[in-house]
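The values are calculated or read from the model by the stated rules, or taken from the named source; none is laboratory data. Bear in mind that the values here come from a model prediction, so they are computed numbers and not experimental data. Just the protein is used for accessible areas: all its heavy atoms, side chains included, with ligands, DNA and RNA removed. Shrake-Rupley method; radii C 1.70, N 1.55, O 1.52, S 1.80 Å.
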Amino acid sequence: MLSRLSTHALTEFCAVAAHLNFARAAGSLNLHASVLSRRIKALEAALGAPLFHRHTRSVSLTEAGAALLPHAQDLLSRLGDAEAVVARFSSEPTGVLRLSLPTSFGQIAIAPLLADFRRLYPAIDLEVDLSDHYVDLIEHGFDAAIRIGVRAAGAGLRTRTLAENHRYLCASPDYLAGRDAIRTPGDLAAHDLLHFSPLATGPVWRLRGPKGEMDVAVRPAVATDNAVVLHRAVRDGAGVALLAGFLIAEDLAAGRLVEVLPAYRPKPGIISIVFPEQPIQARKTRVFIDFLVQRWKPAPPWHRTA
């Protein structure tokens, strides 16, 4: 029986019950009175009971109609409340936005933007998880994650590119002072090399130079899975490192670090944001993605600084 009680049918029934006149009820619904009358008769036939007594100039509720009316009004009211709740999510970005971010990138590139984002969207609360390990968004209930490397979304996910990830060979002026000059990639073998151990190529730095791509085998003096630790070590003079621009741009600009072999750099990687694939994307996720795109257009600040 519930399948026969559509919201349209209940709305028309309640209108007639409110006006107790088909012509006035039809006017309130922008319908012709004869159309409304036919629809009410169809509803009565579907329910198997008359809802109104028809009189010459008015109508009145039958016992069945009187019994149905409060339930119909309550159901329509609840549906209206439900629509209002959902409309709030679609019109005003709100809710809890759960983000998974790489540790160093989250600290350096995302953390300085969070206050501005909250000022723009105060109804969005943020939960930020920092980890350099792969996180399954759907399994762990994240709304979005930033990934650095090859652009790949995975099953049930979508991705959007945010920026390129440029990396640079660098060292501190104190480390370079008095040491053998580094003029070619082969000269790196005589130096202390600091290595980011999760690198997809393993203990190899893949560089692009004037003659194309080449691999430099790395025997690390220091190896770590934490880019912030590596950044501190190279700035303190521990050796030569291959680090992302978002980590070292300010140090390069200030002279605290010096780029080594500027003619040899790795192919730029991709910084992207991935999020669950849904028929309608939640506004809280969409506005966060749009916020990052706008802030980093045409290029993020660390590109310009470096």
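When the Cα gyration tensor is reduced to axis lengths a ≥ b ≥ c, the ratio a/c is 1.5 or higher for the range 177-306, and with a/b above b/c it is classed as prolate. For the chain, adding -39500 (n - 2.57) for each run of n ≥ 4 DSSP H residues and dividing by the number of residues yields -11500 deg cm²/dmol at 222 nm. Only alpha carbons enter this Debye calculation for the range 252-294, each as an equal point scatterer, and the log10 of I(q)/I(0) it gives at q = 0.26, 0.34 Å⁻¹ is -0.99, -1.18. Between GLY178, GLY95, GLY245, the Gaussian network model of the chain with springs among Cα atoms under 10 angstrom shows the greatest mean-square fluctuation at GLY178. Quick check: at a probe of 1.4 Å, how many percent of the accessible area of the chain sits on carbon and sulfur atoms? Here carbon and sulfur together make up 53 percent of the probe-accessible area. Karplus-derived 3J(HN,Hα) values for the range 52-58, using 6.51 cos²θ - 1.76 cosθ + 1.60 with θ = phi - 60°, are 9, 8, 8, 10, 4, 10, 8 Hz; glycine and proline are entered as x.
Based on the inverse mean of 1/r over its pairs of different Cα atoms, what is the Kirkwood hydrodynamic radius of the range 211-258, in Å?
Result for the range 211-258, one decimal place: 12.0 Å.
Per-residue 3J(HN,Hα) values for the range 129-146, derived from phi via the Karplus relation 6.51 cos²θ - 1.76 cosθ + 1.60 with θ = phi - 60°, read 10, 9, 7, 8, 8, 5, 10, 7, 4, 5, 5, 9, x, 8, 7, 6, 9, 9 Hz in sequence order (x marks Gly and Pro). A straight line joining the Cα centroids of the range 1-63 and the range 219-248 runs 76 Å.
I'd like the antiparallel share, as a percent to the nearest 5, of DSSP beta bridges with both residues in the chain. Kindly include the intermediate steps, with their values, before the conclusion.
Values: 29 of 43 bridges.
In the chain, approximately 65 percent of DSSP beta bridges are antiparallel ones.
The calculated P(r) of the range 40-143, using every Cα pair and 5 Å bins from 0, goes 2, 9, 11, 12, 10, 8, 6, 5, 5, 7, 7, 6, 6, 3, 1, 0 in percent. From the largest down, the chain spans 109, 34, 30 angstrom on the principal axes of its Cα atoms.
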